[in-house]
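For reference, the structure discussed in these notes is given below.
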Amino acid sequence: MINENRYFDAKPEVRKIATELYSEVKNLPIISPHGHVDPRIFAENKPFPNPTELFIIPDHYIFRILYSQGYSLESLGIPTQDGTPVEKDYRKIWQILADNFYLYSGTPTGAWLAHEFEKVFGVTEKLNGDNAQDIYDLMLEKLQSPEYLPRTLFNKFNIEVISTTDGASDSLEYHKQIRESGWSGKVIPSFRPDGVVNILADNWKSEIEKLSRASGITVTDYKTFINAIENRRKYFIEMGAVATDQGVLSPYTHTLLPTEANVIFNRALNGTANESDEKAFVGNMLMEMARMSSEDGLVMQIHAGVLRNHNQKIFSRFGLDKGGDIPIQNEFTKNMRELLNEYGNHTNFKVIVFTLDETSYARELAPMAGHYPAMKLGPAWWFNDSIQGMRRFREMTTETAGFYNTVGFNDDTRAFLSIPARHDLARRVDCNFLAQQVSEHIIDIDDAHKLSYELTNGLVKKAYNL
Amino acid sequence: MINENRYFDAKPEVRKIATELYSEVKNLPIISPHGHVDPRIFAENKPFPNPTELFIIPDHYIFRILYSQGYSLESLGIPTQDGTPVEKDYRKIWQILADNFYLYSGTPTGAWLAHEFEKVFGVTEKLNGDNAQDIYDLMLEKLQSPEYLPRTLFNKFNIEVISTTDGASDSLEYHKQIRESGWSGKVIPSFRPDGVVNILADNWKSEIEKLSRASGITVTDYKTFINAIENRRKYFIEMGAVATDQGVLSPYTHTLLPTEANVIFNRALNGTANESDEKAFVGNMLMEMARMSSEDGLVMQIHAGVLRNHNQKIFSRFGLDKGGDIPIQNEFTKNMRELLNEYGNHTNFKVIVFTLDETSYARELAPMAGHYPAMKLGPAWWFNDSIQGMRRFREMTTETAGFYNTVGFNDDTRAFLSIPARHDLARRVDCNFLAQQVSEHIIDIDDAHKLSYELTNGLVKKAYNL
Amino acid sequence: MINENRYFDAKPEVRKIATELYSEVKNLPIISPHGHVDPRIFAENKPFPNPTELFIIPDHYIFRILYSQGYSLESLGIPTQDGTPVEKDYRKIWQILADNFYLYSGTPTGAWLAHEFEKVFGVTEKLNGDNAQDIYDLMLEKLQSPEYLPRTLFNKFNIEVISTTDGASDSLEYHKQIRESGWSGKVIPSFRPDGVVNILADNWKSEIEKLSRASGITVTDYKTFINAIENRRKYFIEMGAVATDQGVLSPYTHTLLPTEANVIFNRALNGTANESDEKAFVGNMLMEMARMSSEDGLVMQIHAGVLRNHNQKIFSRFGLDKGGDIPIQNEFTKNMRELLNEYGNHTNFKVIVFTLDETSYARELAPMAGHYPAMKLGPAWWFNDSIQGMRRFREMTTETAGFYNTVGFNDDTRAFLSIPARHDLARRVDCNFLAQQVSEHIIDIDDAHKLSYELTNGLVKKAYNL
């Protein structure tokens, strides 16, 4: 049974205030401006299949820990790229998770699962090898009931709005279906052009062809490429998008002359572009996306610093998003200077910056967010989206950027059922941080009441124009 | 009303000890060996004009937060370089600060202001939009009374000695006036040669001309340049200086042959020096300044790692020190090796190193300060001069460098009225850190009593030979 | 007198749980899989000479603090390379330590010494200038009694197994003597090939000659070099070794073609190798050592990131390990990619990675250890082997790597008498961390009981196959 005081400091002086602050925000609606839930689940509103296919197989947060302890991905049912058979006995896979559930002690994944099991399925006993199959049975039964349909859960979770992440050429058909279905749930797309921007990716050319088809603009050079992107942004805006997102290895920004960009674009089309071409092209596209955002009002998001598919054996056998994504050091002060100089003083432009390199919080990101009107600081992300990670985020950014240059919480998840768990954890950590500050008379209780609302709903609405 | 227990841990076990330690040091004199207060205010001893010109306009710590939230610097009365008119209604500007005072929640700037308002002006109500003009009136009145003259405040603040920061060619006329006035306040200069060392700066040549005039040595080449600097250091020492200071992008150190240095110096005079020339020249000048310090006994200070004037639009319109200074990553182990090898084993030389890159505290700076006799570790500086920043400084440096290779507190401010607030905050944070350690039996209470004095007065006097 | 509650949080809620957890592990045997104690002391089992030669002269942890405060190494009795006489009055040297014992306040060295003085010698009074000689007398007397012989202390310390660190060509004669003596103490070697791998080191050629003699394989080229190393690993395994260790400046890994490696090896033999040769050669040898470990089962340890002998004056006068070793920034994600791709998915291979750059804990090392089956995360090392350092280690790694991808504690010391102090401190810090997590309901008390055992004995046995 998860404890009502979880994630609060045990000091009575702090816990009391944290409890009070949390009581005011715990039932506020969930606003999820950045995530990876598949919109299809709301469009089709079909039952989720079973606990293993719901919790384990699609979630590299979960299975990476089992992999790190020696379980092969095949034994965990992760589908291979070439169709080689993998474990299909979902109960057996579930048993592995249950037998090893102690491995998740002290991890956010463990905390989220415990919350989901209890608050969504009513399972208060800690998962272990003995109760594994009983819990599987119970969940399986519930998943087949109408109360566990995606739209019902969406409402039960009190989600005010959720954003998906969608490729530049995505038809947004499921978003359309949702809109046309008459269901009131607000599911909006977000524009992510990485597929057409990363010119060295294996499938880049097919992505460009998709872009041509989707936009109706035949992309033959840099100019038509830019036109096609502008065209798609318009469509995304019509479909409710409020933001874009780019995942980049480095936040390097630099505007190329159109002729320079065109030369690189042609090399990419001919398959002769190299790494420095890609770096220059991505740096230029960050500038272009900022320019477009300053015109069309989409909030720009930059997620920087992860080396994807570090484990090439896992990548070739199982594909993307299999736990082999490892952060690298990043540099923001010099890399983002050109973008911030060009657009950072605009009050009608917003760029939200996320890092996986915590060393840049206090040193680079908070000072920049505490100066440039356009820049806001994204919350603790991915490996840092954890109790200690969020604490460090607040400790390292608040004094320089202030609370008001941050943008609330992002769950950033593809695991729909984990959304309430993640937001609840974030609210608790923030309320505890505020309570700590009240207990040390850094802020007063009036400020804390105001801030607990701001960190939960106020700042995210303002930042994403929601 | 600010709380008597502020910045102390709410744990009764810690708060009790922290209170006891703090009670012993709270009234100790202020020793301020590094800062940027204008000596003219003490020379002339005129009343400060009004709250806005006192608190907002000269202090980029304050106005950068308002700028980051969309207020133009013009609307905040910041003077432009070209004289374009800006807001002159000081009450209107004050109202903006008051309306937005909540933005400073959790920031050191907010904490300092609250302390200044209450302890200097007796304003115990939190500033807000409603009481803004009343508080303005009250402060305005007080500022015109003799009790608020700079020298009176200096004495009231219990300042034992304060150091200003002065360019190599500065006449130190205000220091002379102070000395000759018979007033007992001790205001000493500090030698900062950045203007004549940064050979790529726009005004470098005019700085060199000033240096020639000030020293009486016509600077025509590297040799005369060095002579002129040595001459000025002598003059500063006569005027009471105990230290030098250099602000450098990187703490790279390397001695050039005099002929090499001269070639670069000539290129600089001809306007043909490039970035690698500057880097080499600055690296050489750190070596030269260390050599001079080992001869004349001035304590060397190195402040490394800030990229100045990041926001070029703000810089061209408003000039230096307008909040657009952003830290960068730094490397000390390799960069300072040559200097430390050449001078770091001298016991008659001291170099105090400051960083804005906290990642170097535990990794590089504490290990070096815990080995080289000459090296001491400067306190948490600038963006790190904050409650959490100081805590991290102690947590990351004490175990490797010990308390005794640190040098007390630097307020490093141009905001004279904030000096007691800053020292009080630092004393509280240090006492709380010591109390925390006592409560965990890492140190004992006898050590803590001794250390609270050392961290407040003892170590700074020893480090700066005061 | 050291306090029974030391290093536990003063919060009653935490201290109570920490005390309970600690009571269960405090008497567990010491398992020391990585350290630098000289096996000769157990082979010969002679009395330790005197407090100064026991505590000060061989331990650069201790004397670097005195050096940093202006005491020359000569005055501390550190022997010179050229035999220039140094202080030989051991009582005088002891008096310096005692007079300055306050310098160690808040440092792990101070904590270890206090523990050793009290728990090994029964000295409960804090060392100071007044009691210095009395304490010296008392220790001197005890050291001559049979109860203070190395083997007796080994048993008293409840050491289950201790590993030394031994060069590739080491005869392991003392290990043999110990085995043959019939004494039951388990002292095992560990294979450290740095001397024959660092091709630019002054004595590299003589190291290669030693390797030829030790292995019986005349090393004339890269192939015979590899054969000789494989030969020595076999011998170490016969002598009980379970692990290798490599100290590298950078964890860069890349396999060279045998012909490429041979070209570099020849340049090294001819004395014409350069820095990039060494980097390539070391990077290749990390790959080779991983390959061998995946074959012979020795656990691979990589200690990365320290620039040795930073202070060249001290190095030339006094030699290695004199406190002038300073950490540098490190990069693991890209540098270790090739090794992890080649061997990291093997479940019969283990590589334990240690860093002195804490910024890589959360950003790089925990994510990699939380994915690759072969990689485990070494504990807080060297400058980080301290109360706050260990806390940061747990706070920054647990959420991403989990507790179970870490490997317990390493004392890594040459100071035999400090071993119980170091393990006790580590156990206290870990129990306190667990208690903190229980108090915040991040883990439950059942997990905490299990984990306190795992962090003390379980994980280290598993990781090192003990």
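Take the Cβ-Cβ distance between B:K205 and B:S145 as r, set R0 to 45 Å, and report the resulting FRET efficiency rounded to the nearest 0.05.
On the way: r = 46 Å, r/R0 = 1.03.
The pair B:K205/B:S145 has a calculated efficiency of 0.45.
By its C-alpha gyration tensor, with a ≥ b ≥ c as the square roots of the eigenvalues, how is the range C:249-368 shaped: rounded for a/c under 1.5, else prolate for a/b larger than b/c, else oblate? Can you show the working numbers first?
Working: a/c = 2.01, a/b = 1.16, b/c = 1.73.
Cα axes put the range C:249-368 in the oblate bin.
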| Dipole of the protein assembly as shown, positive end: most advanced residue of B:S439, C:F225, C:Q81 [Cβ charges, Cα centre] | C:F225
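Rounded to the nearest 500, what is chain C's calculated 222 nm mean residue ellipticity when only DSSP H runs of at least 4 contribute -39500 (n - 2.57) each, over all residues? Kindly include the intermediate steps, with their values, before the conclusion.
Values: 20 runs with 209 residues, N = 466.
Calculated at 222 nm, the ellipticity per residue is -13500 deg cm²/dmol.
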| task | Search the structure for amide H atoms under 5 Å from the amide H of C:M375, placed 1.01 Å from N in the peptide plane, and list their residues when 5 or more places away or on another chain. | result | C:V351
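Considering only DSSP states other than H, G, I, E and B, which GluC sites (Glu not before Pro) in the range A:371-466 qualify as loop sites with at most 10 other Cβ atoms within 10 Å?
Working: sites: A:E395, A:E399, A:E440, A:E454; in loops: A:E440.
Within the range A:371-466, no GluC sites (Glu not before Pro) qualify (loop, at most 10 other Cβ atoms within 10 Å).
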| query | Mind checking Rg over Rh on the range A:200-312, alpha carbons, Kirkwood formula for Rh? | reply | 0.95
| For the protein assembly as shown, average projected area of the Cα convex hull in nm² | 51.9
| query | Spin-label point model (7 Å from Cα, Cβ direction): what's the B:N155 to C:E20 distance in nm? | reply | 6.2
| field | Using a 7 Å Cα-to-Cβ projection, C:P47 label spacings across copies, nm, ascending | value | 8.2, 8.2
| said: Give the average, rounded to an integer, of partner chain Cβ atoms located within 10 angstrom of each Cβ in C:218-227. | reply: 0
| message | Looking for one value pair here: nearest-to-axis residue in chain A (by Cβ) for the rotation onto C, and the distance in whole angstrom. | response | A:T359, 3
| query | In what sequence, highest mean first, do C:264-272, B:5-13 appear when ranked by Cβ atoms within 10 angstrom? | reply | B:5-13, C:264-272
| remark: Surpassing 23 Å at the alpha-carbon level, of the pairs B:K88/B:K176; B:K156/B:K186; A:K119/A:K450; A:K376/A:K462, are B:K88/B:K176; A:K119/A:K450
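Does chain C come out rounded, prolate or oblate by the C-alpha gyration tensor, with a ≥ b ≥ c the root eigenvalues, rounded set by a/c under 1.5 and, if not, prolate when a/b is larger than b/c and oblate if not? Don't jump to the answer; show the numbers that get you there.
Numbers: a/c = 1.66, a/b = 1.19, b/c = 1.39.
In terms of gyration-tensor shape, oblate.
Go ahead and run the numbers for FRET between A:E125 and B:N3, Cβ-Cβ distance against an R0 of 60 Å, rounding to 0.05. Numbers along the way, then the final one.
Details: r = 45 Å, r/R0 = 0.75.
FRET efficiency, A:E125 to B:N3: 0.85.
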| Integer Hz, Karplus 6.51/-1.76/1.60 couplings in order for the range C:397-402, x for Gly and Pro | 10, 4, 5, 9, 8, x
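Could you tell me the calculated FRET efficiency between A:L320 and B:L249, based on Cβ-Cβ distance and R0 = 51 angstrom, to the nearest 0.05? Mind showing how you got there, number by number?
On the way: r = 40 Å, r/R0 = 0.78.
So the FRET efficiency works out to roughly 0.80.
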| query | How many nm is it between the label spots at C:K92 and B:D99, if each spot is 7 Å from the Cα in line with the beta carbon? | reply | 7.5
| task | Ignore the peptide's own chain and count Cβ atoms of other chains within 10 Å of each Cβ in C:434-442; give me the average, rounded. | result | 5
| field | Partner lysines for B:K223 [C-alpha distance under 22 Å; skip if fewer than 8 residues away on the same chain] | value | B:K205, B:K210, B:K234, B:K279
| field | Net charge dipole size for the range B:84-234 [Lys, Arg +1 and Asp, Glu -1 on Cβ; Debye, nearest 20] | value | 720
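Per residue of B:70-83, count partner chain C-beta atoms within 10 Å of its C-beta, then hand back the mean as an integer.
Working: counts 4, 2, 3, 0, 0, 0, 0, 0, 0, 0, 0, 0, 0, 0.
Mean inter-chain Cβ contacts per residue within 10 Å come to 1.
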| task | Using only the Cα atoms of the range B:48-148, build the gyration tensor, take square roots of its eigenvalues as a ≥ b ≥ c, and label the shape rounded, prolate or oblate: rounded if a/c is under 1.5, else prolate if a/b is larger than b/c, else oblate. | result | oblate
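Multiply the residue separation of C:D444 and C:R213 by 0.36 nm, subtract the distance between their alpha-carbon atoms, and state the gained length in nm to one decimal. Please list the in-between numbers first.
Numbers: separation 231, 0.36 × 231 = 83.16 nm, distance 5.66 nm.
Here the answer is 77.5 nm.
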| remark: At 10 °C and 1.306 mPa s, the Stokes-Einstein diffusion coefficient in µm²/s for the range A:358-455, with hydrodynamic radius from the Kirkwood sum on alpha carbon pairs, is 115
| task | Can you tell me the order of C:69-82, A:57-70 when each peptide is scored by its average per-residue count of other Cβ atoms within 10 angstrom, highest first? | result | A:57-70, C:69-82
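Ranking request for peptides C:149-161, B:182-194: highest mean number of other beta-carbon atoms within 10 Å first, then the rest in descending order.
Numbers: C:149-161: 17.3, B:182-194: 18.9.
Ranked by mean Cβ neighbours within 10 Å, highest first: B:182-194, C:149-161.
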| request: For the range A:67-208, report the convex hull volume of the alpha-carbon atoms normalised per residue, in Å³, without decimals. | output: 179
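No lab work stands behind these numbers, since they all come straight from the coordinates. The structure displayed is predicted, hence computed values, not measured ones. We place every Cβ from the backbone using ideal geometry, glycine too, and count neighbours over all the protein chains shown.
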